[in-house]
Structure formats: C-alpha cells, structure tokens
Amino acid sequence: MVAINLMQGLDKLGIPYRFNDYRYINQHPEEIACIIGKPHLLFERKWKNPIVFGAGIFSHPCEAPDLLTKFPNIKRLLVPGQWMRDMFKPFYGNNVTAWPTGIDTEYWAPVAPNHPKKTDFIIYDKIRWEHDKYATELLQPIIKRLDELSLSYTIIKYGSYQPTDLKQALDNARAAIFLCEHETQGLAYQQMLSSGVPILAWDRGGHWQDPYYYPRIKYGPVSSVPYWNDECGLKFEEAVDFNQKLDQFLSLLNSNYFNPRNYIVENLSLEKCALAYVQIVDSVTNPTA
C-alpha cells in the first residue's frame, strides 16, 4: 500500500519513476535505489547504489542495530511517523526521517451534503492485544453509553472487512470512535478523516506495547493518532474519560466545528506525500542544496 500510494501520487504530479527495474538500477550504481516495504531486498542483494530505505521496514532497531555499519550506503531511513522516528533516532541518528504515505482523497471523499447519515458512529475496533480485557473495560462501556443516549452505531473490526465495507459505513456515519493502542501511521483513521468523518479517538499514550518486544524493550510515549489536529476530532486517554469527552465531542459535532478532510488534504494527500518523498530523495542527491 505504501508503494502503491506513492506511485499514485507521483503519477498525479507527473514525476517519472521506475518500478522494480533491477536491471536498470544495477547498471546505474550512481542512482538512488528506493527500497519500500521489502527489507529483505536490502539484505539479499549486493547494492552499490545510495539507498533510501523505507517506509515499511522492521518495527524496532533491535532487529538490525548495526544496519548503517553493514550498509553505509543507506543515506536515509524512513519510518511512518514522528514517535517512531524518535524511537529509531538513538540507533540511527539523523539518518531517520518521518514520512507518511499519502491518502487517496478522491476515493476517500465525503458523500454529497444532501446524503442522509443514518448512523451516528462507526466504532472501529483495532484493539490488538488483550482484546478480551479491553472489550470489557473499554468497548462495552462505550457501547453502553451510546445505547443510553440512543445513539446508533456500526462496529467495524480490524482485519474483518474490505475497504468497500469501510467506505459504505463512512458514507452513512456522522462520526467515528477509533480504538487502537497505537499506530505508526494509521491509514484507516486517516481514510475516515479524508471522508469528512470526525473521530473520537482512544489515545492512551504510554509505552509501545507490542508483545513481541514489550516489556523487554520500553519506549514511550506513543500515539494511536500520530497525525492530528483540532480539526480532526477529540481524544480520550481512559475509559473513565469517555463520557465527558463524548458530550464535548457531540456538542462540537452538532455545531459543525470539525473539518477533518481539510487536515488530510493539507497534509496527507497522495500529492503532498509524494512530493515530500521526492524532496527526501533530492536531499540525498544534493545534500548541500
């Protein structure tokens, strides 16, 4: 998805590129090789080219602490967001740059203003670890409160839907409740924002708690909505905060305060992110420019 969205953005900008043209890049060792989402390509081939590596690589530098020693031709290492950059920086220094892939704002677009919104909320359940615990402590109290207020909702569970399912749900929803421990970028919530749907997001902060690493490796704070401003919606940290934040959110929603699509168009469109990628590559080609 990262590479596909980048290529779509480059197409929109009219910027040419080569895709998986190994013959050409091998014959032109002076040109930059961009390796996205396939870290094994770095390890399996003997690269003479300067390399922009990422995004879509390994989750933590402990997987390759000597990366820049083994591959000194890596000139820039890309990760999806700022908190992940901060986590990688002690290992790789200023070689690490936060770069998000773009959102297709034409596909993820609001419906016509006169289209009836029949559902008050999408509840997007991306609780990945200790799901039973958080279903009891977080999800069920949220559902109970929505029922008390006679607010309708549709539940979409991460990994159990197609993009068309989310698109249809967004076309019929006034707002969303986004439940996830943390995101490196968070394409789904950004697709919601691009569709003009404000979000009440669970953003608990704290440590990165991927059980493959935690508690052996502790890093924080992290975020479930790493790309965000006040136009997007509101955030709450704990279940006990939800009711008060919901009341505030509904008040702002009913007064048309939020403008989530504007944030995506201004910061995370296919064109904006593709241009940012080109600028990163240019900075490697012309480091003093």
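The values are calculated or read from the model by the stated rules, or taken from the named source; none is laboratory data. This structure is a prediction, so every number in the text was calculated from the model and none was measured. Ideal geometry is used to build each Cβ from the backbone, glycine not excepted, and the neighbour counts take in all protein chains shown.
Some points to look at:
- Filter result (hydroxyl-bearing (Ser, Thr, Tyr) and within 30 Å of residue 224 (Cα to Cα)) within region 46-87: 59
- At least 1 residues being among the hydrophobic types (A, V, I, L, M, F, W, C) and in contact with a helix residue (DSSP H, G or I) (Cβ under 7 Å, 6 or more places away or on another chain) is the threshold, and among the helices (runs of 4 or more DSSP H) wholly inside region 37-96 those reaching it are 67-70, 82-92.
- Where residue 92 falls short, out of the listed (1) more than 24 Å from the chain's Cα centre (by Cα); (2) crowded, with 17+ Cβ neighbours inside 10 Å: (1)
- Cβ-Cβ under 6 Å pairs, at least 6 apart or on other chains, region 112-124 side in contact (Cβ under 8 Å) with a residue 40 or more places away in the chain, far side surrounded by fewer than 17 Cβ atoms within 10 Å (Cβ to Cβ) and among the aliphatic types (A, V, I, L, M): 120/151; 123/155
- Among the residues of region 246-268, those that are among the aliphatic types (A, V, I, L, M) and in a helix (DSSP H, G or I) comprise 246, 250, 252, 253, 264, 265.
- Within region 179-209, the only residue that satisfies the criterion of being out of contact with any Lys or Arg (no Cβ under 8 Å at 6 or more places or on another chain), in a helix (DSSP H, G or I) and of a type in the set (Ser, Thr, Tyr) is 189.
- Conditions (1) in contact with a strand residue (DSSP E or B) (Cβ under 8 Å, 6 or more places away or on another chain); (2) closer than 20 Å to residue 56 by Cα; number of the one not met by residue 185: (1)
- Given (1) surrounded by 13 or more Cβ atoms within 10 Å (Cβ to Cβ); (2) of a type outside the set (D, E, K, R); (3) farther than 20 Å from residue 284 by Cα, number of the condition residue 32 does not satisfy: (3)
- Within region 122-178, restricting attention to residues that are in a helix (DSSP H, G or I) and touching a Ser or Thr at 6+ places or on another chain (Cβ under 6 Å), the residue that is surrounded by the most Cβ atoms within 10 Å (Cβ to Cβ) is 170.
- Verdict on residue 94 being free of Cβ contacts under 8 Å to residues at least 24 places away in the same chain, within 29 Å of residue 164 (Cβ to Cβ) and not small (Gly, Ala, Ser): no
- Residue, farthest from residue 12 (Cα to Cα), within region 97-112, restricted to residues that are part of a loop (DSSP other than H, G, I, E, B), modelled with pLDDT of 95 or more and of a type in the set (Gly, Ala, Ser): 109
- Selected residue [of a type in the set (Lys, Arg) and within 28 Å of residue 163 (Cβ to Cβ)] from 23, 76, 18, 45: 18
- Look at region 46-68: where a residue is over 16 Å from residue 85 (Cβ atoms) and in contact (Cβ under 8 Å) with a residue 60 or more places away in the chain and a partner is not hydrophobic (A, V, I, L, M, F, W, C) and not in a loop (DSSP other than H, G, I, E, B), sitting 6+ places away or on another chain with Cβ atoms under 7 Å, you get 50/75.
- Between 259, 254, the distinction of being more than 24 Å from residue 130 (Cβ to Cβ), assigned by TED's automatic domain parsing to the domain that holds residue 125, over 17 Å from the mean Cα position of the chain (by Cα) and without any contact (Cβ under 8 Å) to a residue 12 or more places away in the chain belongs to 254 only.
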